[in-house]
1. Taking interchain pairs and intrachain pairs at least six residues apart, which have beta carbon atoms under 9 angstrom, with the first residue in segment 199-226 and surrounded by 15 or more Cβ atoms within 10 Å (Cβ to Cβ) and the second assigned to a helix (DSSP H, G or I) and basic (Lys, Arg)?
2. Is it true that residue 29 is closer than 21 Å to residue 129 by Cβ, in a helix (DSSP H, G or I), of a type in the set (S, T, N, Q) and at pLDDT 95 or above?
3. Could you tell me which numbered condition residue 192 fails, if it satisfies all but one of (1) surrounded by 22 or more Cβ atoms within 10 Å (Cβ to Cβ); (2) more than 20 Å from residue 35 (Cβ to Cβ); (3) of a type in the set (A, V, I, L, M, F, W, C); (4) out of contact with any Ser or Thr (no Cβ under 6 Å at 6 or more places or on another chain)?
4. State which residue is farthest from residue 167 (Cα to Cα) when the search covers only segment 67-83 and only residues that are part of a loop (DSSP other than H, G, I, E, B) and of a type outside the set (Gly, Ala, Ser).
5. Could you check segment 84-96 and list, in sequence order, the residues that are in a helix (DSSP H, G or I) and among the charged types (D, E, K, R)?
6. Just the residues that are touching a strand residue (DSSP E or B) at 6+ places or on another chain (Cβ under 8 Å) and not aliphatic (A, V, I, L, M), please, taken from segment 254-283.
7. Tally the residues that are within 13 Å of residue 176 (Cα to Cα) and of a type in the set (D, E, K, R), restricting the search to segment 239-256.
Amino acid sequence: MSRQPAKTATPRTAYLVLGMHRSGTSAVTQLLALAGAQLPTHVMPGDEHNAKGYFEPWKIAIFNDERLRAAGSAWDDPFAYPYRALTPDDDKAWLDAATALFDEEFPKAAWPLMKDPRATVLLPMWREVLARKRVEARCVIPVRHPLAVAGSLRRRDGFADEKSVLVWSAYMLAAEAYTRDLPRAFVGYDALLADWRAEVARIEAAHGAPLPKLTAKAATEIDGFLTADLRHNAVSDGLKRLGWAGEIAGDVFAWFEAKAAGRDPDQRLLDRAAARLAERARDMGALISSTTRDLAAVRAELLDARARLEVAGAFEAEAKASIARLEDGWRAAQSLLDSIDAELDAALAEE
């Protein structure tokens, strides 16, 4: 009786788009999706802040918000890096839940495409999920000037520039530190808008493999959406006006800008920035963590309600009522955060 060779599972490779909110991750994700990588089952709809869509797995985004809160953090925590582990039992429970969620979002995807900026600071957990599923990873890290990101966050969330560039720094430090042993490409956001084909060539060279399926039709679609109107916030002022927060962000940006240009920057730039951020976390972390976490909880619920409204029209009235209630809670939480921001601004002004 002849023996049939054992069937082996088809290799799977995930594309991870890592980096800060408002830094070009949506544009990169749409490009990768058109080039053959596979979006999750439940994708966050666009809104007035990003009409072309976020391309985020909204269920995973909500899950990540909950995981951050469990560790006393939030998506806009300037001190979310380094990763905060929980107790072994709690970590296992979260890992089990994350694995189940990955299966739900990417049940048959050979090229899962995951973009949620929160996953950047939670990457140690998500890498364990990929290891469990025997999924390889290729990373794409968009690089955008922190002041451009700050301008977008000021308009959308009312954040002070000092806070925004610190949060940006934390995310970028995490993106670099947690991917050193993975194939990764650093993509300049302005360069992507100017000549996406050149940036795709750099991505493929860094990964040592072509994108899954970049067809002529896909290229035409990419030409159609990667337009100058995606460059919403021009940078006019330097980081130096932001004091020590700007100095930290300046070191981080100098490293990433060089990396995106194909140069080999001095690792000491990132080491110095990480050390200074850790020092500030010891001094100031307690000032902002609790209110930031509470505000993030309301924001996550609001995100959930809006996504459900988009994907389940039959429950439109109920979802709208939920949104109205949550927006009232948002305003109350925002007023609390404003008082904390005032304390933080005062602390920054003393430097």
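1. As it stands, the answer is 219/197; 222/197, since those pairs meet every condition given.
2. Details: closer than 21 Å to residue 129 by Cβ: yes; in a helix (DSSP H, G or I): yes; of a type in the set (S, T, N, Q): yes; at pLDDT 95 or above: yes.
So residue 29 fits the description; yes.
3. So residue 192 meets the others, but not (2).
4. Our first condition is that a residue be part of a loop (DSSP other than H, G, I, E, B); within segment 67-83, this holds for 71-83.
After this cut, where a residue has to be of a type outside the set (Gly, Ala, Ser) as well, the list is 75-79, 81-83.
Numbers: 75: 9, 76: 6, 77: 6, 78: 4, 79: 7, 81: 9, 82: 12, 83: 14 Å.
Here the residue is 83.
5. The initial filter retains those residues of segment 84-96 that are in a helix (DSSP H, G or I), namely 88-96.
Those that are in a helix (DSSP H, G or I) and among the charged types (D, E, K, R): 89, 90, 91, 92, 96.
6. Within segment 254-283, the subset touching a strand residue (DSSP E or B) at 6+ places or on another chain (Cβ under 8 Å) is 256-257, 259-261.
Hits for segment 254-283 are 256, 257, 259.
7. So the first thing to find is which residues in segment 239-256 are within 13 Å of residue 176 (Cα to Cα), and the list is 252-253, 255-256.
Adding the requirement that they be of a type in the set (D, E, K, R) leaves none.
Number satisfying all stated conditions: 0.
Matching residues to (1) at pLDDT 95 or above; (2) hydroxyl-bearing (Ser, Thr, Tyr); (3) surrounded by fewer than 17 Cβ atoms within 10 Å (Cβ to Cβ); (4) in contact with a strand residue (DSSP E or B) (Cβ under 8 Å, 6 or more places away or on another chain):
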| position | (1), (2), (3), (4) |
| --- | --- |
| 58 | no, no, no, yes |
| 61 | no, no, no, no |
| 64 | yes, no, no, no |
| 71 | no, no, no, no |
| 77 | no, no, no, no |
| 86 | yes, no, yes, no |
| 93 | yes, no, yes, no |
| 97 | yes, no, yes, no |
| 111 | yes, no, no, yes |
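The values are calculated or read from the model by the stated rules, or taken from the named source; none is laboratory data. These figures come from a predicted structure and were not determined experimentally. In this analysis, Cβ positions are derived from the backbone assuming ideal geometry, glycine residues included, and neighbour counts consider all displayed protein chains.
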